[in-house]
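Colleague: Have a look at the structure that comes next, please.
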Amino acid sequence: MHTISNKRPLRELLTDTRQAGQTIALVPTMGNLHAGHLQLVKVAKTKADFVVCTIFVNPLQFGPHEDLDAYPRTLGEDIAKLTSVDCDCLFIPAVSEIYGSDLSAQSTVQVPELTNLYCGKSRPGHFEGVATIVCKLFNLVQPNVAVFGLKDYQQFLVIQKMTADLEFNIDLVGVAIQREAHGLALSSRNRYLNDEQQQKAALIYQSLLDIEKRIKKGNLDFSSLEALAVQRLDDTGFKVDYFSICNANTLRAASKLDREFVILTAVQVGPSRLLDNVRFTLDKQ
Ligand code: PAF
């Protein structure tokens, strides 16, 4: 695996790769890789000849009181894991390589509407930071395909919108959430949880499945269903940021006419803010 920290050698390697007729897939990450990330690389390998994974803990997407400094950095382990799945290239730039010396002077990318909802409401500036770094990586790597996990469902839609609006000629691939045996979605932030919190956090996915089941059985009283799930999670001692039944394409509050749904949730469990979702389709009545 090529391991590169600077933009120039990355561009040179990728120019050679393209000239050799190979297609390129990009897998952007913030490191602390788990089986979910490795699945992204595996899927990327089925979509292109040459896979570039990036590890960059992007300061622009963290708020002033968030966990930027504490975010787990495990480069040695990450390199071993990427090697085990035959990743072709790892790009691990320093913050100054990406943003120069003054982060506040950086031009940024704003995606309207979608970014005002849910995580965008709770984490102002977060999606601007995500869209900016993904845009930069798209320009640096110029991949044919880019692969993202669907645990960050809202993020995926934001990136889809940016890709379309800014005319990137890149196929986006969303990969299904990978879970622990008891259902908890894999996340780098699970690492902050103790054993008891890890076990209890399985209730998040159970609640999503329970509400999905009720909707499929014909209960379309979405506000009551949301309230029920929030109550159940609150009773366990979690702090629910949102639990929202939405149209899967627009992320607007679901209506009775919708057929494609996603239920999005963000829940604070001890030290970790955990995201999860389920997406499903209702058959036409
Ligand atoms: O999903 C993530 O890990 C990050 O938001 C991403 C897409 C790598 C951008 O920093």
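The values are calculated or read from the model by the stated rules, or taken from the named source; none is laboratory data. Small disclaimer: the values here were computed from a predicted structure and weren't measured. When we count neighbours, we look across all protein chains shown, and the Cβ atoms used for this are built from the backbone with ideal geometry, even at glycine. Note: areas computed on protein heavy atoms with side chains; ligands, DNA, RNA excluded. Shrake-Rupley method; radii C 1.70, N 1.55, O 1.52, S 1.80 Å.
Colleague: I need the full set of residues from the range 202-223 which are polar (S, T, N, Q) and farther than 22 Å from LEU184 by Cα, in order please. Please lay out each step first, then the result.
Modeller: Filtering the range 202-223 down to residues polar (S, T, N, Q) leaves 206-207, 219, 223.
Answer for the range 202-223, where residues must be polar (S, T, N, Q) and farther than 22 Å from LEU184 by Cα: ASN219, SER223.
Colleague: Tell me, please, whether a residue that is at pLDDT 95 or above, outside any strand (DSSP E or B) and closer than 17 Å to ILE133 by Cα can be found in the range 31-51.
Modeller: To start, the set of residues in the range 31-51 that are at pLDDT 95 or above comprises 31-51.
From what is left, the residues that are outside any strand (DSSP E or B) are 31-49.
Cutting the leftovers down to closer than 17 Å to ILE133 by Cα gives us 31.
Yes, the range 31-51 has at least one match.
Colleague: Limited to the range 241-285, what total is found for residues that are without any contact (Cβ under 8 Å) to a residue 60 or more places away in the chain, assigned to a loop (DSSP other than H, G, I, E, B) and among the hydrophobic types (A, V, I, L, M, F, W, C)?
Modeller: 3
Conditions (1) within 26 Å of GLN178 (Cα to Cα); (2) of a type in the set (Asp, Glu); (3) open to solvent by 20 Å² or more (accessible area, probe 1.4 Å), marked per residue:
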| site | (1), (2), (3) |
| --- | --- |
| LEU38 | yes, no, yes |
| ALA80 | yes, no, yes |
| ASP86 | yes, yes, yes |
| VAL95 | no, no, yes |
| TYR99 | no, no, no |
| LEU103 | no, no, yes |
| GLN106 | no, no, yes |
| VAL111 | no, no, no |
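Colleague: Right, another one. Please go through (1) more than 16 Å from the ligand (Cβ to nearest atom); (2) within 25 Å of LEU282 (Cβ to Cβ); (3) crowded, with 16+ Cβ neighbours inside 10 Å for GLN197 and return the number of the only condition it doesn't satisfy.
Modeller: Of the numbered conditions (1) more than 16 Å from the ligand (Cβ to nearest atom); (2) within 25 Å of LEU282 (Cβ to Cβ); (3) crowded, with 16+ Cβ neighbours inside 10 Å, the odd one out for GLN197 is (2).
Colleague: May I pose another question? Would you be able to tell me the number of residues in the range 271-285 that are under 17 Å from ALA202 (Cβ atoms), open to solvent by 50 Å² or more (accessible area, probe 1.4 Å) and of a type outside the set (D, E, K, R)? Break it down into steps so the answer makes sense when it comes.
Modeller: Taking the range 271-285 as the starting set, the residues that turn out to be under 17 Å from ALA202 (Cβ atoms) are 272-278.
Subset that is open to solvent by 50 Å² or more (accessible area, probe 1.4 Å): 273.
So of that shortlist, the ones also of a type outside the set (D, E, K, R) come out as none.
Result for the range 271-285: 0.
Colleague: Among the residues of the range 113-123, is any in a helix (DSSP H, G or I) and farther than 25 Å from TYR242 by Cβ? Lay out the reasoning, then the answer.
Modeller: As a first pass, look at the range 113-123 and keep what is in a helix (DSSP H, G or I): 114-116, 119-122.
Those left that are additionally farther than 25 Å from TYR242 by Cβ: none.
The answer is no, given that none of the residues of the range 113-123 is in a helix (DSSP H, G or I) and farther than 25 Å from TYR242 by Cβ.
Colleague: Same structure again: Kindly provide the set of residues from the range 42-89 that are among the hydrophobic types (A, V, I, L, M, F, W, C) and closer than 15 Å to HIS2 by Cα, ordered by number.
Modeller: Here is the first cut: in the range 42-89, the residues among the hydrophobic types (A, V, I, L, M, F, W, C) are 43-44, 48, 50-53, 55-57, 60, 62, 68, 70, 75, 79-80, 82, 85, 87, 89.
Those that are among the hydrophobic types (A, V, I, L, M, F, W, C) and closer than 15 Å to HIS2 by Cα: PHE50, VAL51, VAL52, CYS53, ILE55, LEU75, ILE79, ALA80, LEU82, VAL85, CYS87, CYS89.
Colleague: Across the range 121-135, what is the total count of residues that are buried (at least 21 other Cβ atoms within 10 Å of the Cβ) and either in contact with a Cys (Cβ under 8 Å, 6 or more places away or on another chain) or not hydrophobic (A, V, I, L, M, F, W, C) (or both)? Outline the logic, then answer.
Modeller: Kept after step one, since they are buried (at least 21 other Cβ atoms within 10 Å of the Cβ), are these residues of the range 121-135: 126-127, 130-134.
Next, from what is left, pick out any that are either in contact with a Cys (Cβ under 8 Å, 6 or more places away or on another chain) or not hydrophobic (A, V, I, L, M, F, W, C) (or both): 126-127, 132.
Qualifying residue count, the range 121-135: 3.
Colleague: Just give me the residues in the range 211-227 being open to solvent by 40 Å² or more (accessible area, probe 1.4 Å) and in a helix (DSSP H, G or I), in sequence order. Explain how you work it out, then say what you get.
Modeller: Our first condition is that a residue be open to solvent by 40 Å² or more (accessible area, probe 1.4 Å); within the range 211-227, this holds for 213-214, 216-221, 223-224, 226-227.
Selection gives LYS213, ARG214, LYS216, SER223, SER224, GLU226, ALA227.
Colleague: How many residues, within the range 59-78, are open to solvent by 50 Å² or more (accessible area, probe 1.4 Å), under 18 Å from GLU128 (Cβ atoms) and touching a residue at least 40 places away in the same chain (Cβ under 8 Å)? Break it down into steps so the answer makes sense when it comes.
Modeller: Kept after step one, since they are open to solvent by 50 Å² or more (accessible area, probe 1.4 Å), are these residues of the range 59-78: 64-66, 69-70, 73, 75-77.
Okay, now just the ones that are also under 18 Å from GLU128 (Cβ atoms), so 64-66.
Next cut, touching a residue at least 40 places away in the same chain (Cβ under 8 Å) only: 66.
Here the count works out to 1.
Colleague: Suppose we filter the range 100-127 for residues that are within 16 Å of the ligand (Cβ to nearest atom) and either among the charged types (D, E, K, R) or at positive phi (or both); how many remain?
Modeller: Narrowing the range 100-127 to residues within 16 Å of the ligand (Cβ to nearest atom): 103, 106, 108-111, 114-115, 118-120, 122-127.
Then drop every residue that is not either among the charged types (D, E, K, R) or at positive phi (or both), which leaves 118, 123, 125.
Matching residues across the range 100-127 total 3.
Colleague: Here is a further query. Exactly one of these conditions fails for ILE24: (1) surrounded by 14 or more Cβ atoms within 10 Å (Cβ to Cβ); (2) within 15 Å of the ligand (Cβ to nearest atom). Give me its number.
Modeller: Unmet condition: (2).
Colleague: Taking the range 242-261 on its own, how many of its residues are surrounded by 19 or more Cβ atoms within 10 Å (Cβ to Cβ) and within 23 Å of the chain's Cα centre (by Cα)? Even if it seems obvious, please write down each step before you answer.
Modeller: Step one: filter the range 242-261 for residues surrounded by 19 or more Cβ atoms within 10 Å (Cβ to Cβ), giving 243-246, 248, 251, 254, 258, 261.
Add one more test, that the residue is within 23 Å of the chain's Cα centre (by Cα), and what stays is 243-246, 248, 251, 254, 261.
Final tally of qualifying residues: 8.
Colleague: Could you list all residues from the range 128-164 that are more than 8 Å from the ligand (Cβ to nearest atom) and small (Gly, Ala, Ser)?
Modeller: Hits for the range 128-164 are ALA131, ALA146, ALA164.
Colleague: Please specify each residue of the range 34-48 satisfying the condition of being within 14 Å of the ligand (Cβ to nearest atom) and touching a strand residue (DSSP E or B) at 6+ places or on another chain (Cβ under 8 Å). Show your work before the answer.
Modeller: Let us first name the residues in the range 34-48 that are within 14 Å of the ligand (Cβ to nearest atom), namely 34, 36-41, 44.
Passing the criteria: GLY36, HIS37, GLN39, LEU40, VAL41, ALA44.
Colleague: While we're here: Please verify whether the range 202-210 includes one or more residues that are open to solvent by 10 Å² or more (accessible area, probe 1.4 Å), within 13 Å of the ligand (Cβ to nearest atom) and within 18 Å of the chain's Cα centre (by Cα). So that I can check it myself, show each step before the final result.
Modeller: To start, the set of residues in the range 202-210 that are open to solvent by 10 Å² or more (accessible area, probe 1.4 Å) comprises 203, 205-206, 209-210.
When the remaining residues are screened for being within 13 Å of the ligand (Cβ to nearest atom), the result is none.
Looking through the range 202-210, none of the residues is open to solvent by 10 Å² or more (accessible area, probe 1.4 Å), within 13 Å of the ligand (Cβ to nearest atom) and within 18 Å of the chain's Cα centre (by Cα).
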